[in-house]
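The values are calculated or read from the model by the stated rules, or taken from the named source; none is laboratory data. Model, not experiment: these values are computed from the prediction. Note that each Cβ is placed from the backbone with ideal geometry, even for glycine, and that neighbours are counted across all protein chains shown.
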Amino acid sequence: MARPIQAHIDLGALEHNLRLARRAAPTARIMSVIKAEGYGHGLLRAAEALAATDGFALLDIRDAVRLREAGYRQTILLLEGFFGAEDLHLLAEYDLTSVIHSAYQVAMLDAYPARKNLDVWLKLNTGMNRLGFAPQQVAQAMEQLRRHRAVRDITLMTHFANADEARGIAEPLALFNDVAAPYRVARSLANSAAILRYPETHGDWVRAGIMLYGSSPFAEVGAQQLGLRPAMTLSSRIIATQELCSGDEVGYGAQFRAGHNMRIGIVACGYADGYPRCAPNGAPILVDGQRAKILGRVSMDMLYVDLSDSPQAGIGSRVVLWGEDMPIDEVARAAGTVGYELMCALARRVPVVV
Ligand SMILES: *Cc1c(COP(=O)(O)O)cnc(C)c1O
């Protein structure tokens, strides 16, 4: 029998969350962001569940080719664009859309093999200071792209640094609208947080990522409150138990010391499966459907759970690390991170079932 850990991907949840994105942004087209292997859910698995989308966005041109070859006809957008002139023939051959975020990419376009069939998303930096042209550089880039023999269609985009925070989007939105005003081109601004909170950012295309996978983009609002359903459930089983006496210590570095006699369970899941090593004593976990707490330091293949309040639990008990009835955002918060990072870190060795 195989090691009991598994990740269950609920395709119906992905479909549900996409419908929710559509209801939230009814006038926009939906770009489903499936970078990082569909936030850890599997590239083609996520794409299949999200097949009703208007477009897919990702980073790796080889993944874009995989999607086209799997038969998807929607817009496929490369979020970091192309990296060298040698990528350009693949853009042409597979009808891929590219972000253009820097002048060096405009210069490389001369190597594009065809006329007038490349769609580009020109990216404006509105304060995130990651990718994108400065506001005063946009006019020149826009002019160069419009005149370029390779370019068919231009969309103007930006990305918000604080759509999920109290700071919000007012300043970057005003800047974007200002810069975009002279141009009759499609616009794309919103990530999940902006889709859910700021209708004024929806424009022509919204870019839905984390919400599709059923995790909340907001620290202070849970996914369930937003109507999202978790797509990934990471589960395993207790494979051993230990009876501790008061004073006994647990695990590497003795990060936990029993204050009284107690029983603990050993769960077949560790950081090599993608569970965060930094999760502290008390991080939430589900044992036989009931809330419990982990204790001790997470090791490579195993972690410890306090069974003090779970007298019925024992060897073979099912454990949910995150997902159904155990929000990934709560586990992430306990570990000082976000649901995004936990999903993306799901290890290849974990068997996936749908
Ligand atoms: C990842 C990404 C998104 C999706 O963000 P979420 O917060 O997951 O919705 C949108 N746009 C860009 C440019 C991204 O890199």
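Side notes on the structure shown:
- Within the stretch 199-215, the set of residues being of a type in the set (Gly, Ala, Ser) and near the ligand (Cβ under 10 Å from one of its atoms) comprises Ala208, Gly209, Ser215.
- Between Lys123, Lys116, the distinction of being surrounded by 19 or more Cβ atoms within 10 Å (Cβ to Cβ), of a type in the set (D, E, K, R), within 22 Å of Ile76 (Cβ to Cβ) and in contact with a strand residue (DSSP E or B) (Cβ under 7 Å, 6 or more places away or on another chain) belongs to Lys123 only.
- Leu196 within 12 Å of the ligand (Cβ to nearest atom) and either assigned to a helix (DSSP H, G or I) or β-branched (Val, Ile, Thr) (or both): yes
- Scan of the stretch 270-289 for residues that are within 21 Å of the chain's Cα centre (by Cα), surrounded by fewer than 16 Cβ atoms within 10 Å (Cβ to Cβ) and either without any contact (Cβ under 8 Å) to a residue 40 or more places away in the chain or outside the structural domain of Ala347 (by TED's automatic domain parsing) (or both), ordered by number: Arg277
- Of everything listed in (1) in contact with a Leu (Cβ under 8 Å, 6 or more places away or on another chain); (2) within 13 Å of the ligand (Cβ to nearest atom), the single unmet condition for Gly81 is (1).
- Of all residues in the stretch 255-269 being without any contact (Cβ under 8 Å) to a residue 40 or more places away in the chain and outside any loop (DSSP other than H, G, I, E, B), the one that is nearest to Gln312 (Cα to Cα): Ile266
- The C-beta contact set for the stretch 290-302 (first residue touching a residue at least 12 places away in the same chain (Cβ under 8 Å) and on the phi < 0 side of the Ramachandran plot, second residue in a strand (DSSP E or B) and charged (D, E, K, R), distance under 9 angstrom, 6+ apart or interchain) comprises Ala292/Asp306; Lys293/Asp306; Ile294/Asp306; Leu295/Asp306.
- Residue match in the stretch 149-165 (condition: β-branched (Val, Ile, Thr), closer than 22 Å to Gly55 by Cα, touching a residue at least 40 places away in the same chain (Cβ under 8 Å) and away from the ligand (no atom under 14 Å from the Cβ)): yes
- Members of the stretch 54-89 found to be surrounded by 17 or more Cβ atoms within 10 Å (Cβ to Cβ), more than 16 Å from Lys123 (Cβ to Cβ) and of a type in the set (A, V, I, L, M, F, W, C), listed by number: Phe56, Ile61, Ala64, Leu67, Ile76, Leu88
- Count - residues of the stretch 177-193 that are closer than 16 Å to Glu165 by Cβ and part of a helix (DSSP H, G or I): 2
- Answer residue from the stretch 27-42, given it is out of contact with any helix residue (DSSP H, G or I) (no Cβ under 7 Å at 6 or more places or on another chain) and among the β-branched types (Val, Ile, Thr) and is nearest to the ligand (Cβ to nearest atom) among those: Val33
- Test: Tyr304 is assigned to a helix (DSSP H, G or I) and modelled with pLDDT of 95 or more: no
- Among the criteria (1) part of a loop (DSSP other than H, G, I, E, B); (2) exposed (fewer than 15 other Cβ atoms within 10 Å of the Cβ), the one Pro217 does not fulfil is (2).
- A single member of Arg23, Arg45 is within 18 Å of the chain's Cα centre (by Cα), part of a helix (DSSP H, G or I) and either away from the ligand (no atom under 16 Å from the Cβ) or surrounded by fewer than 20 Cβ atoms within 10 Å (Cβ to Cβ) (or both), and it is Arg45.
- Criterion applied to Val353, Val331 was being touching a residue at least 60 places away in the same chain (Cβ under 8 Å) and within 19 Å of Asp10 (Cβ to Cβ), and the one residue passing it is Val353.
- Note on the stretch 120-138: residues that are in contact (Cβ under 8 Å) with a residue 24 or more places away in the chain and more than 16 Å from the ligand (Cβ to nearest atom) total 3.
- Residue check for Gly296: buried (at least 21 other Cβ atoms within 10 Å of the Cβ) and closer than 24 Å to Val353 by Cβ: no
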